[in-house]
Every structure is written in C-alpha cells, then in structure tokens.
1. Which residue pairs have Cβ atoms under 7 Å apart, sit 6 or more places apart or on different chains, and have a first residue in the stretch 1-25 that is open to solvent by 50 Å² or more (accessible area, probe 1.4 Å) and a second that is part of a loop (DSSP other than H, G, I, E, B) and at pLDDT 95 or above?
2. Which one is farthest from Thr162 (Cα to Cα) among residues in the stretch 6-58 that are at pLDDT 95 or above, in a loop (DSSP other than H, G, I, E, B) and polar (S, T, N, Q)?
3. Filter the stretch 160-183 down to residues that are open to solvent by 100 Å² or more (accessible area, probe 1.4 Å) and in contact (Cβ under 8 Å) with a residue 24 or more places away in the chain, then give me how many there are.
4. Given Gln97, Gln151, Gln125, which one is surrounded by 10 or more Cβ atoms within 10 Å (Cβ to Cβ), of a type in the set (S, T, N, Q), over 26 Å from Arg78 (Cα atoms) and touching an Asp or Glu at 6+ places or on another chain (Cβ under 6 Å)?
5. Given (1) touching a helix residue (DSSP H, G or I) at 6+ places or on another chain (Cβ under 7 Å); (2) under 16 Å from Cys50 (Cα atoms), where does Lys143 come up short, assuming only one miss?
6. Across the stretch 47-94, what is the number of residues that are among the acidic types (Asp, Glu) and open to solvent by 80 Å² or more (accessible area, probe 1.4 Å)?
Amino acid sequence: MQALALLLSRSSQPRLQKPAPSEQELQNIIHAAMRVPDHGHLTPWKFIVCQENGLSRLGDVFEQAAIDEQLSEKEVQRAPQLPHRAPMVIVVIARYQQHDKVPWVEQVASASCAAYAMQLAAKSQGYDNVWRTGIYTQNKVVKDAFALQEQDEIVGFLYIGTSAADFVSKPSKSSSEFVEIWD
C-alpha cells in the first residue's frame, strides 16, 4: 500500500476477528512505533501485547477496574469480554521520564505517535484495527496492573485483527474550517 493512500484511507474498524498479525508482522508493527519522533531519544513508551491467554488476563484487569469504578453489574459482567473483541490488543503506555527539555506532554505525544504508527503498520500489512480509550485508561487498578507511576499514561488499547464486517470508511471532512494559512 502506498504511504499517501494509507494515510488518506485509514479508518477504525471495530469488528475484528482472527487472524492477528504473525510474529514477523508484529515485529514490523513494533519497529514502526520505534521510528516516531522522540525528542531526547527517551523512548518514553512501553507496549504490552495481549494475545490468547493474555486477552483473558487483560479482561480480568478490566473486570476488577469495573468493580473499582462501581459500574453496573451488567458492565462488570461485560468487562472481562472486552479484550476478546480482537485477537490482539496492544496496550500503549507513555512512561514519563523527568527531562529539562522534554516535558510530559511531549512524551505523551510521542507515545501517541507510536500508537498511530502501529495502526498504520498493521493496516499496511492487511490488518484492521481500532484505538480504544475510555474509563480503563485512567483507572488505578489498570495502571497498577501495568506497574505505572502516577505520571505515566495509558495512551490507549490498540485492538488489531481482520475485519469481521465490510470495510467502513470514515466520511471525508473539509479541512477548510481547521486550517489557516499565513502567507
């Protein structure tokens, strides 16, 4: 897939099934993440790849978080199944490192770029994906499960697999209301 075509056609696909990326394809996805802008060469990120039993482990963490958040019984029962909506979930974490020239926000932005690079690398190899956030990215139980410090952030959960439904393209947006050109 040509780079510009990939960038102009990227769209989240929430209904995913097997197969997931192979070991080599996963390595390509990780290597793409390692190429993002990284001021100070801090590599302020960590990736946790959940597959097979790892999806159940992540589901157990989500269930405990749902209880911690005092969600409804229905939501608590649903929580362990959430990671199973794809054959692979990559947890993308911004690991903050104190640095005089690289503030927290820049390190989180770098980890976010890594997540996006992984999305594009997965798509370029024929795998669909969706970047999920929500209550579990901020929950203390989830953060503790990944041994995060207070200043660390879960940037998101990348669900990766093969589309289980027809491809749904995002509607095009006009850029005119978001762009200002100074001549």
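1. Listed pairs, sorted by first residue: Gln17/Pro87; Lys18/Pro87; Pro19/Pro87.
2. Within the stretch 6-58, the match that is farthest from Thr162 (Cα to Cα) is Thr43.
3. The qualifying residues number 2.
4. Answer to the selection: Gln125.
5. With respect to (1) touching a helix residue (DSSP H, G or I) at 6+ places or on another chain (Cβ under 7 Å); (2) under 16 Å from Cys50 (Cα atoms), Lys143 is out only on (1).
6. Here the count works out to 4.
The values are calculated or read from the model by the stated rules, or taken from the named source; none is laboratory data. If you're wondering where the values come from, they're calculated on a predicted model, not measured in any experiment. Ideal geometry is used to build each Cβ from the backbone, glycine not excepted, and the neighbour counts take in all protein chains shown. What goes into the accessible areas is simple: the full protein's heavy atoms, side chains included, and nothing from ligands, DNA or RNA. Shrake-Rupley method; radii C 1.70, N 1.55, O 1.52, S 1.80 Å.
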